[in-house]
Amino acid sequence: MNKADYKGIWIFAEQENGVLSPTPLELLAKAIDLKAKLGGTDVITAVLLGKDVAGISETLFAQGAEQVIVLENDALAVYKHRVYANALVKLVEKHKSSIFLFAASPIGRELAPRVMARLGTGLTADAIDLDVDEDGTFVQTTPNFGGNILSHIAIPEKRPQMCTVHPKVFEPIEPIEGAKGTVIREEIEIIADDDFVILGNEEKVFKSKPIGKANVVVAGGFGVKNEEELGMLNTLAELIGGQVGCSRPLRETGMLGHECQIGQSGATINPELIINVAISGSVQYMAGMDKSKCIMSINRDANAPIFSASHFGAVADYRKLVPAIIEEIQNRKA
Ligand SMILES: Cc1cc2nc3c(=O)[nH]c(=O)nc-3n(C[C@H](O)[C@H](O)[C@H](O)COP(=O)(O)OP(=O)(O)OC[C@H]3O[C@@H](n4cnc5c(N)ncnc54)[C@H](O)[C@@H]3O)c2cc1C
């Protein structure tokens, strides 16, 4: 492999039923930053696979793509890992990208390692930051050993340098109206995978709305011991137009579903306001909420690490404080 032959920053433009996922837009914003740090010559390319998806190119250009590779085919209409992986491997072999970024979504997490293995290159899983060091090396940061250390990973010899990136760690740019770019319509041969037949699709039914989109969150931790105490958080959340989220131990009790869990193995959120109730503030939890605009925390332990990440804190038993807050809000609303 001659590394010099590999150029450009690629983003996998993940879409389902013609609807673009949000994370590729976050990756495009980061690609703009990486391009500048790498000297400004790498073309930012979004790779779009599917059927009747070319229209998505407009959005990708408005969000920072300079080029979109569009590969449309009946066999790509529904995501199948082997068909998509084969197609991406062929595209990389043909165009030779230097960096290839995927969302750390269920699809990205399944697809990227397959493409990586076929290309014999390297992949960083679930990165929370991407940068270029003083030597011009592309560096990916990811939590390891249960989130207790951060690893800075480089892929010095192989290309493309591949990475899945945690959703919501980067902000998309403001859309550039009328932005134009180059569309490359690819015609490579697609191998349909008939060993693998999709019998049907069912929408997953969640107990509650996924926490990722909430603007105001009341999050409960392991100090919340029963449904009645959880009910208190629900009442507070309703009063302030928010939604209840949780740390992992509260989810593990079964009182709330995974769609409510915040953190490294749950959702990354950045709401306007989060109120943490009886949550100690582990690194894994904080990784999911420390970009929230306003962080308030209630904990009876004054030394709880959550306070170091909070804008406002109350050292108190929440079972006394939360009802008092609820009463005050109700009085003011009356
Ligand atoms: C690979 C890996 C991934 C992980 N992913 C996640 C993740 O995505 N999200 C996550 O949350 N965790 C995750 N964890 C678990 C994480 O390490 C912690 O165990 C967890 O975050 C602790 O949750 P907690 O703060 O609710 O509970 P605890 O650490 O037990 O804290 C409970 C807190 O409640 C306070 N408290 C108790 N009663 C009251 C009261 N009446 N009033 C006021 N305060 C009270 C206590 O003082 C304490 O600080 C992960 C761990 C690993 C190894």
Residue set Ile295, Ile326, Ile306; condition more than 8 Å from the ligand (Cβ to nearest atom), within 17 Å of Val217 (Cα to Cα) and part of a helix (DSSP H, G or I); output residue Ile326
Checked against (1) in contact (Cβ under 8 Å) with a residue 40 or more places away in the chain; (2) surrounded by 14 or more Cβ atoms within 10 Å (Cβ to Cβ); (3) more than 18 Å from Gln330 (Cα to Cα), Val244 satisfies every condition except (1)
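In the stretch 1-49, which residues are under 21 Å from Ala267 (Cα atoms) and assigned to a loop (DSSP other than H, G, I, E, B)?
As a first pass, look at the stretch 1-49 and keep what is under 21 Å from Ala267 (Cα atoms): 12-16, 19-30.
Those that are under 21 Å from Ala267 (Cα atoms) and assigned to a loop (DSSP other than H, G, I, E, B): Ala13, Glu14, Ser21, Pro22.
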Right, Ile56: in a helix (DSSP H, G or I), crowded, with 18+ Cβ neighbours inside 10 Å and at pLDDT 95 or above or not? yes
Residue set Gly120, Gly200, Gly212, Gly181; condition more than 24 Å from Gln67 (Cα to Cα) and modelled with pLDDT of 95 or more; output residue Gly120
Note on Ser97: of the conditions (1) under 30 Å from Gly266 (Cβ atoms); (2) assigned to a loop (DSSP other than H, G, I, E, B), unmet is (1)
Residue within the stretch 312-334 that is free of Cβ contacts under 8 Å to residues at least 40 places away in the same chain, under 21 Å from the mean Cα position of the chain (by Cα) and surrounded by fewer than 17 Cβ atoms within 10 Å (Cβ to Cβ) present: no
For the stretch 253-273, the count of residues that are at pLDDT 95 or above, within 18 Å of Pro167 (Cβ to Cβ) and in a strand (DSSP E or B) equals 2
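Assess whether Ala287 counts as being touching a strand residue (DSSP E or B) at 6+ places or on another chain (Cβ under 9 Å) and either in a helix (DSSP H, G or I) or near the ligand (Cβ under 8 Å from one of its atoms) (or both).
yes
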Quick count over the stretch 253-277, residues being hydrophobic (A, V, I, L, M, F, W, C), buried (at least 24 other Cβ atoms within 10 Å of the Cβ) and near the ligand (Cβ under 10 Å from one of its atoms), is 2
In the stretch 199-227, anything within 27 Å of Pro167 (Cβ to Cβ) and either within 15 Å of the ligand (Cβ to nearest atom) or buried (at least 19 other Cβ atoms within 10 Å of the Cβ) (or both) is listed as Pro210, Ile211, Gly212, Ala214, Val217, Val218, Ala219, Gly220, Gly221, Phe222, Val224
Screening Leu250, Leu230 for residues that are out of contact with any Ser or Thr (no Cβ under 7 Å at 6 or more places or on another chain), at pLDDT 95 or above, in a helix (DSSP H, G or I) and within 9 Å of the ligand (Cβ to nearest atom) leaves only Leu250
Quick one: would you say Ile190 is in a loop (DSSP other than H, G, I, E, B) and crowded, with 18+ Cβ neighbours inside 10 Å? yes
Residues of the stretch 153-183 being loosely packed, with under 14 Cβ neighbours inside 10 Å and in contact with a Ser or Thr (Cβ under 8 Å, 6 or more places away or on another chain), in sequence order, are Pro156
Restricting the stretch 96-119 to residues that are buried (at least 19 other Cβ atoms within 10 Å of the Cβ) and out of contact with any Asp or Glu (no Cβ under 8 Å at 6 or more places or on another chain), the one nearest to Pro22 (Cα to Cα) turns out to be Leu101
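The values are calculated or read from the model by the stated rules, or taken from the named source; none is laboratory data. Values in this document were obtained by computation on a predicted structure and should not be read as measured data. Here Cβ is always computed from backbone atoms with ideal geometry, including for glycine, and neighbour counts include all displayed protein chains.
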